[in-house]
Each structure stands twice: as structure tokens, then as C-alpha cells.
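A short worksheet on the structure shown next.
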Amino acid sequence: MAGWNESQLRKYNIKMEKIPTLQYDDPKVDSLLTNNKPVLIKGSKLVSRVLKWDLDYLTEHMNSTCCNVLISKNHKFKYYDQKKITPNMTFKPISRPSPMIFSEFAKQIKDWKKGDSRLYMQQVLNNSISQRIVNDFVKFNWDWIISKQNVCKWGSLTSNLLLIAQEGNVTPCHYDEQQNMFASIRGYKRFILFPPSEFECLYPHPVHHPYDRQSQVEFDNPDYIKFPKFKEARGYEVIVGPEDVLYIPMYWFHHVESLMHGGYTVSINFWFKAESVEKIEYPLLDHHKIVIMRNVEKMLAEALHDPSEVGTMLKTIVLGRYT
Ligand SMILES: CC1(C)c2ccccc2-c2ccc(C[C@@H](CC(=O)O)C(=O)C(=O)O)cc21
Ligand SMILES: [Zn+2]
């Protein structure tokens, strides 16, 4: 019994292959990790000591902690950068932050009814949480994850996010600029990943837009006129269940959903800085090209002193000359 079935997955019109699933001590794991290739890792026992982290246990030990909760009018929780919202911009996000204490969050999840706004908690785990949570946190299989960090020459661990999502919640397609080891504690999450080379098919927002790093394409209702190349996007799909660890390479796009009718999900991610300043070797890797494109957008916005002129200048440079 896999613990889930196809009827719990949302339907998208996307070509998807499978991601390799390997035991944590399989030598192929390290070769995939060091080559920035996604892999689902079984048996690492990374978070096995906190499988008891369910709503009741966490309410008991995080009761009055004020947590970062997002509220959305629909099932999508699209991250946005507050700092990139300028005064003259009419930006209407669908999900917005609504800090609340943990027990309130747990109550709203339990009492949730169809039609209510949805909630998604993402709370940085640090020592400001209760002593019991800290005691559990230190019981992660740090030896294993630190050995991976060293093998891959990743930079420092920047943060662990505790994620509690309602069944059916979706984090739309985006990329992050850090290496991510994503561990599931409760429930099942479906990931659809795309390599950085699929950039042209996923049409991320401009760097200066609050939705920077997020794809503009609505997977459940793609606008093939505005985003024609989305039809050619080639993704990878994997279901992450309790105790599984998914490696999400930096700059790889990922769409994440908590399976419908699967109950709430509890996950923890481990974000690592990219490798300490590496010597750039040629040929460039695909993620280097995203970094270069981001730097061009940033430099032009800086030089023009107005992000809204960047598109015009890029068109002037390219149209009729490089096409
Ligand atoms: C969308 C949301 C709730 C959010 C809103 C506002 C600011 C930050 C974030 C944020 C950060 C990470 C995740 C976890 C995961 C996606 C998933 O598991 O749903 C993922 O993308 C990753 O681990 O890289 C989810 C979120
Ligand atoms: Zn992400």
C-alpha cells in the first residue's frame, strides 16, 4: 500500500518523468547530489526522531508561539517579496501573511470547511521555540546531513523551515537560490521539478517583480498564447512520503502540492548556501546562466535607475539584431 493514489493528484497537462529513488547508503546518491541532480533518498532517518510532530504534540509544545501563517482565498500559496512592492504598483497577492499563535492555527485547521480560506504555516525553527522542540530538533540525523553537506561542498545551513500545510495546498512553480534537502514528517507531497534549462518554458516573473523566481504560468489553466513554450516543458515528478528526503538542487523549478484528501502535511526543509565561491569552470552549467540573466536584469535596473525600463532596453538590444 503506497499510502496514496493517483486520484489525490491534481491534473496538469505536463510531460513528466520519474525522479530516481535510492537508499541513503547507495553510492549513486552522492554522484547525483554532487551533479546537482534531484534524487529521492530513503532510509536516512534524518527526521525519524520527530515523526511524533503532529498538530496535538506541536500544540502542546508550541502552544503560545506566534507563527508565520499564510492565508489564501484559494489553494495556491504564491510567495512574494514584500520589499519589491513599489508605491505606484497595484499588486494584489492571493495569499497574505497572518501571524497567529500555534494553538489558533491548529484549531482553524481542525475546524476548516470547504469554502473557508486555506492556511499554510511556515515557521523558521530556531531556539526561540520551546525547549522540548529544541530537544527534538537536536535529534535529527545531523551526522548524515552534515556528511552530505561536506561531500557536496555546500556552504552553511541557513535555515530549517517547519511547514504545516492543509491537504490540497499548492506552492506554485518557483526556484530557490539555495540547495535544499526536503524532509517529510507526515503526509504525502507531490513535487513537479524542472531543470534550470527549462527557464524559457516557465517564464519566471522579472527579477524586480514581487513574484521574482516564480513562474508566471498557472499550471491548472495555462495561457498558451502568452506562454507558448510551456507546452514543451519537460518535468520530473515524485511523491515524497513520511521519512523520505528529496534533494531539490538550487535553481531547479519546483511545484509542490499536499495531496488532496491526505490530511495535513508536516515537512522540514534544510536550505544550504551554494558552495563557497567556486572557480567558474566552462562550459557553464545551466544554473550559472540563470545567475547571469539575473545579474543582467539587476545591472540594467541599476544603470537605468528604473526597473520598468529594463524590458524596453532588452528588446532594443535584441529585436532585429540578435533574432
Ligand atoms: C509558499 C510558502 C508557504 C511561502 C510563503 C511565503 C514565504 C516563503 C514560503 C515558502 C518557503 C518554502 C516552502 C516549502 C517548499 C514548498 C512546499 O513544501 O509547499 C519549498 O518551496 C521549498 O522548500 O523550497 C513553502 C513556502
Ligand atoms: Zn522552494
Number of the condition not met by residue 202 [criteria: (1) touching a helix residue (DSSP H, G or I) at 6+ places or on another chain (Cβ under 9 Å); (2) more than 16 Å from ligand 2 (Cβ to nearest atom)]: (2)
Residue, farthest from ligand 1 (Cβ to nearest atom), within the range 231-275, restricted to residues that are within 25 Å of residue 126 (Cα to Cα) and acidic (Asp, Glu): 275
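Going through 323, 312 one at a time, which residue ends up being away from ligand 2 (no atom under 16 Å from the Cβ), of a type outside the set (Phe, Trp, Tyr), assigned to a loop (DSSP other than H, G, I, E, B) and at negative phi?
Details: 312 fails: assigned to a loop (DSSP other than H, G, I, E, B).
323 is the lone residue from the list that is away from ligand 2 (no atom under 16 Å from the Cβ), of a type outside the set (Phe, Trp, Tyr), assigned to a loop (DSSP other than H, G, I, E, B) and at negative phi.
So, in the range 221-255, of the ones that are part of a loop (DSSP other than H, G, I, E, B) and in contact with a Phe, Trp or Tyr (Cβ under 7 Å, 6 or more places away or on another chain), which residue ends up surrounded by the fewest Cβ atoms within 10 Å (Cβ to Cβ)?
Step one: list which residues in the range 221-255 are part of a loop (DSSP other than H, G, I, E, B), which gives 221-227, 233, 241-244, 249-252.
Right, trim to in contact with a Phe, Trp or Tyr (Cβ under 7 Å, 6 or more places away or on another chain) and you get 222, 224, 227, 233, 241, 251-252.
Working: 222: 18, 224: 11, 227: 17, 233: 24, 241: 18, 251: 25, 252: 24.
Across the range 221-255, the extreme among qualifying residues is 224.
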Failed item, numbered, when residue 303 is tested on (1) small (Gly, Ala, Ser); (2) without any contact (Cβ under 8 Å) to a residue 12 or more places away in the chain; (3) closer than 30 Å to residue 186 by Cα: (3)
Tally of residues being at pLDDT below 95 and surrounded by 12 or more Cβ atoms within 10 Å (Cβ to Cβ) across the range 307-323: 2
Subset of the range 73-92 (residues that are over 13 Å from residue 172 (Cα atoms) and more than 16 Å from ligand 2 (Cβ to nearest atom)): 73, 82, 83, 84, 85, 86, 87, 88, 89, 90, 91, 92
Residues within the range 134-167 that are outside any helix (DSSP H, G or I) and either free of Cβ contacts under 8 Å to residues at least 24 places away in the same chain or crowded, with 17+ Cβ neighbours inside 10 Å (or both), tallied: 14
Given (1) in a loop (DSSP other than H, G, I, E, B); (2) of a type in the set (S, T, N, Q); (3) closer than 24 Å to residue 179 by Cβ, number of the condition residue 128 does not satisfy: (3)
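Can you name every residue in the range 1-38 that is assigned to a loop (DSSP other than H, G, I, E, B), closer than 30 Å to residue 150 by Cα and touching a residue at least 40 places away in the same chain (Cβ under 8 Å)?
Passing the criteria: 19, 24, 36, 37, 38.
So, in the range 57-72, how many residues would count as being within 16 Å of ligand 2 (Cβ to nearest atom) and either buried (at least 20 other Cβ atoms within 10 Å of the Cβ) or aromatic (Phe, Trp, Tyr) (or both)? Steps first, please.
Quick first cut of the range 57-72, residues within 16 Å of ligand 2 (Cβ to nearest atom) only: 68, 70.
Checking which are either buried (at least 20 other Cβ atoms within 10 Å of the Cβ) or aromatic (Phe, Trp, Tyr) (or both) leaves us with 70.
Here the count works out to 1.
Can you tell me which residue in the range 145-174 is farthest from residue 235 (Cα to Cα), limited to those that are of a type in the set (Gly, Ala, Ser) and within 16 Å of ligand 2 (Cβ to nearest atom)?
First, the residues of the range 145-174 that are of a type in the set (Gly, Ala, Ser): 147, 155-156, 159, 165, 168.
If we keep only those that are within 16 Å of ligand 2 (Cβ to nearest atom) as well, we get 159, 165.
Numbers: 159: 27, 165: 23 Å.
The extreme case among them is 159.
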Residues satisfying the stated conditions in the range 59-97, i.e. assigned to a loop (DSSP other than H, G, I, E, B), within 19 Å of the chain's Cα centre (by Cα) and not acidic (Asp, Glu): 68, 74, 75, 77, 78, 79, 80, 93, 94
Residue in the range 246-255 that is within 14 Å of ligand 2 (Cβ to nearest atom), touching a His at 6+ places or on another chain (Cβ under 6 Å) and touching a residue at least 24 places away in the same chain (Cβ under 8 Å) present: yes
Single unsatisfied condition, residue 173 versus (1) crowded, with 21+ Cβ neighbours inside 10 Å; (2) within 18 Å of residue 54 (Cα to Cα): (2)
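Among the residues of the range 256-277, write down those that are in contact (Cβ under 8 Å) with a residue 60 or more places away in the chain and either among the charged types (D, E, K, R) or surrounded by fewer than 13 Cβ atoms within 10 Å (Cβ to Cβ) (or both).
Within the range 256-277, the first condition is being in contact (Cβ under 8 Å) with a residue 60 or more places away in the chain, and the residues that meet it are 256-276.
Passing the criteria: 257, 261, 273, 275, 276.
The values are calculated or read from the model by the stated rules, or taken from the named source; none is laboratory data. Quick caveat, the model's predicted, so the values are computed rather than measured. We place every Cβ from the backbone using ideal geometry, glycine too, and count neighbours over all the protein chains shown.
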